[in-house]
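K.L.:
I'd like to ask some things about the structure below.
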Amino acid sequence: MKEMKFETKVIHVGGEPDPTTGAIMPPIYQTSTYVQSSPGEHKGYEYTRSHNPTRSRLEECLASLENAKHCLVTASGLSASSLIMHMLPKGSKILCGDDVYGGTYRLFSKVFPEIHDYKFVDTTDLKNLEKEIESFKPALIWLETPTNPLLKISDIAAISKLAKKSNSLVVVDNTFMSPFFQNPLDLGADIVLHSMTKFINGHSDVVGGAVMMNSSELRDKLFFYQNAIGPCQSPFDSWLVLRGIKTLAVRMKAHEQNAIKIADFLESHPKVERVVYPGLKSHPQHDLAKKQMKGFGGMITFFLKGGIDESRRFLENVKLFSLAESLGGVESLVDHPAIMTHASIPKAVREQLGIYDNLIRLSVGIEDQEDLIQDLQTAFSMV
Ligand code: P1T
C-alpha cells in the first residue's frame with residue numbers, strides 16, 4: 001500500500017482493531033506488571049514503567065506522524081526534555097534559543113546547570129548563531145520554533161546543516177506546530193520533542209510528552225534513562241491521547257482558520273499595539289514560516305496599548321477565552337506570560353526578550369470564529 005496520508009495515519013497507525021476481540025478501539029492495558037511463564041520468558045512486556053501495549057500503540061502512531069523510526073512517550077513535556085539532558089555526558093554544552101517556554105528555561109537555568117553548561121542565544125540570527133557554534137562548540141542545540149510566547153521562527157534546515165559541521169545534535173520542540181504543520185526530522189533535526197499536553201492530545205485532559213527520532217542509538221540511550229528514571233505515562237493517559245489524536249488534522253485546520261481571522265482582527269484593532277502571528281505578512285520570519293511549516297498554527301501573541309492595568313481589565317473580561325496556562329485544546333485560552341507561564345524567567349531577561357506586561361498570548365480554539373471575535377471585542381471595550 002502507498003504511504004498513508006497524515007489524516008489516515010492519525011486514525012489507523014496504532015489504531016488497529018484488538019486482535020483478540022475485534023474491538024475497534026484499543027484496549028487500555030491498565031496493568032503494572034505481566035505474568036512470565038518462566039523467569040525471563042514473557043511476551044515482550046515485563047513492567048509498565050518499561051513497556052505497555054497501550055503506550056506502544058501511541059508511540060507507533062506518533063513516530064509515523066513525525067516520519068520517525070522511533071518514539072518514546074513520557075509523563076510530561078518537561079520529563080521528555082529532562083531525559084534528553086540526562087542522556088548527555090556530564091559537562092556538555094547546550095546552546096538554547098533565548099525565547100522558550102518558562103518551564104524549559106527554569107529546567108535549563110535552575111536544575112541542569114549543576115550538570116551541564118547552558119548558553120541562551122537568539123537562534124533566528126543565523127550569522128550570529130554560526131559564530132556561537134564555532135566558539136561555544138555545543139554538544140546540542142535546542143530550538144523551539146515557533147517560540148513560546150514570542151512566536152520567533154528559526155531556520156531548522158539551515159541550523160541543522162551548521163550543526164552537522166560541528167557534530168552538534170539538534171533538538172526541536174515542535175509543540176506549537178504539532179506534527180501536522182511541521183516535521184523537523186525531515187528538515188535535518190536529530191530529535192523532535194512535543195508536549196502532548198497541547199495540540200497532540202487536544203482536549204486539555206492529559207499531561208504528556210514525546211520524543212521522536214530516527215537514530216536507534218539515540219532511542220536506546222533515551223529509553224535507558226526513561227526506564228531508569230521512570231517518567232512513564234499511565235496506560236489510561238496514553239489511551240486518552242490515542243483518542244484525542246484521531247482528530248489532530250481536522251483540529252489543526254480549524255485552529256488555523258480561526259487564528260488567521262483573529263490575527264487580522266487584532267491587527268486592525270485600535271487598542272492593539274502589535275500582533276505576532278506567523279501567518280501575517282508583518283511577521284519578521286513570515287517567508288521562512290511559509291517555507292518550513294505547512295501552516296501557521298493556532299497561537300497568537302499580541303501587545304495591548306497600555307500596561308498591566310489594561311492587560312488585567314482585558315483578561316478579566318474575556319469569557320469564551322479562559323484565562324489559564326497551557327494551550328492547544330479545542331477551547332480557546334488566554335495567557336499573561338509575564339505573570340503566568342513565563343514567571344520563572346527573571347524580569348530583566350523577560351523584558352530584554354520583549355515579554356512585557358502588555359503581552360497577551362492566545363491559544364485559539366475551534367469554536368465559532370465570530371463568537372470568538374465578539375468575545376475579544378467586548379473585552380477590548382472594557383479596557
Ligand atoms: O507542561 P508539559 O507537558 O511538561 O510541557 C512543557 C512544555 C514544553 N514545550 C513547550 C513549547 C511548552 O509550551 C510546554 C508547556 N507550556 C505551557 C504549559 C504553556 O502554557 O506555555
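K.L.:
On a C-alpha basis, how far is the centre of the range 2-68 from the centre of the range 224-262 in Å? Whole number, if you could?
P.N.:
Between the Cα centres of the range 2-68 and the range 224-262 lies a distance of 16 Å.
K.L.:
Quick one: accessible surface of Cys232, probe radius 1.4 Å, all protein chains present, in square angstrom to the nearest 10.
P.N.:
Number for this one is 40 Å².
K.L.:
Okay, moving on. If you line up the long axis of helix 369-381 against the longest principal axis of the chain, both from Cα atoms, how many degrees apart are they, to the nearest 10?
P.N.:
50 degrees
K.L.:
Can you give the calculated 222 nm mean residue ellipticity of the chain, where each DSSP H run of n ≥ 4 adds -39,500 (n - 2.57) and the sum is split over every residue, rounded to the nearest 500 deg cm²/dmol?
P.N.:
So the calculated ellipticity at 222 nm is -11000 deg cm²/dmol.
K.L.:
So, counting K/R as plus one and D/E as minus one, what does the shell of residues with Cβ under 14 Å around Asn128 add up to?
P.N.:
Once all neighbours under 14 Å are counted, the net charge is -3.
K.L.:
To the nearest 10 degrees, how steeply does helix 248-267 sit against the main Cα axis of the chain, on a 0 to 90 scale?
P.N.:
In the chain, helix 248-267 runs at an angle near 10 degrees to the longest axis.
K.L.:
Give the calculated FRET efficiency between Lys5 and Ile229 to the nearest 0.05, with a Förster radius of 51 Å applied to their Cβ-Cβ distance.
P.N.:
About 0.90, to the nearest 0.05.
K.L.:
Still on this model: Please state the relative contact order of the range 6-245 as a whole percent: Cα pairs under 8 Å, 6+ residues apart?
P.N.:
The value is 26 percent.
K.L.:
Then there is this: Calculate the spin-label point distance for Asp368 paired with Val330, positioning each point 7 Å from the Cα along the beta-carbon direction, and give it in nanometres.
P.N.:
Spacing of the two 7 Å Cα→Cβ label points: 1.7 nm.
K.L.:
Here's a follow-up. So what's the angle, to the nearest 10 degrees on a 0 to 90 scale, between helix 53-65 and the longest Cα principal axis of the chain?
P.N.:
Once rounded, the angle reads 50 degrees.
K.L.:
In nm, to one decimal, how far is the Ser282 label point from the Gln377 one, both placed 7 Å along Cα→Cβ?
P.N.:
Placing both labels 7 Å beyond Cα along the Cβ direction yields 2.0 nm.
K.L.:
Can you list residues from other chains, or at least 5 along the same chain, whose modelled amide H is less than 5 Å from the amide H of Thr301?
P.N.:
Val276, Leu362
The values are calculated or read from the model by the stated rules, or taken from the named source; none is laboratory data. If you're wondering where the values come from, they're calculated on a predicted model, not measured in any experiment. We place every Cβ from the backbone using ideal geometry, glycine too, and count neighbours over all the protein chains shown. For the accessible areas, the whole protein counts, side chains as well, though only heavy atoms, and no ligand, DNA or RNA atoms are used. Shrake-Rupley method; radii C 1.70, N 1.55, O 1.52, S 1.80 Å.
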